[in-house]
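Report on the following structure.
Coordinate-derived values only; no laboratory data. Note that the coordinates shown come from a computational prediction; the quantities given were computed from them, not determined experimentally. Using ideal geometry, Cβ is built from the backbone for each residue, glycine included, and neighbour counts are taken over all protein chains shown.
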Amino acid sequence: MEITNIRVLITVIATLTAIFFIILSYLLPKDAILILTIEVILLPTIYIVGNYYAESLIRRRYGKIIEFASKEADELKEKYINEKILNIRLKSELNRIKKNAKTKN
C-alpha cells in the first residue's frame, strides 16, 4: 500500500509542478520559454526519482521472498531433472525386459 501512496504522491507533485510552471509562464510571458524549458526538464526528473524510490522499496520489501522463491524453484527444477532421468532409465529398462520376454517366447 505504501508503494501505491508513493506513486500517487509522485503524480500529485508532478501535476502541481506543471500547474505552477504554467501559471508562472502566464504571469511572466517574456520568460515563458525559459520557464517551460525548466518544467520539461524537471517533470521527468520527478518521475524518475520517484519511481526509483518506489522500486527500491519493492526490492527491500520483497527481496528476501524472491530470493527464497528462486532457491525453491532451483531445487524443484533439479528434482524434476532427476525424476526425468530416472523415468528415462526405467523406460529403457522396461523396454529391455519386454524385448527379452519376447525373445524367450
* **Partners for LYS102 among lysines (Cα-Cα distance below 30 Å; same-chain residues under 8 apart left out)** => LYS84, LYS91
* **Computed [θ] at 222 nm, deg cm²/dmol, the chain (DSSP H ≥ 4; -39,500 (n - 2.57); rounded to nearest 500)** => -35500 deg cm²/dmol
* region 3-105 - charge dipole about Cα centre, Lys and Arg +1 at Cβ, Asp and Glu -1, debye rounded to 20 -> 1380 debye
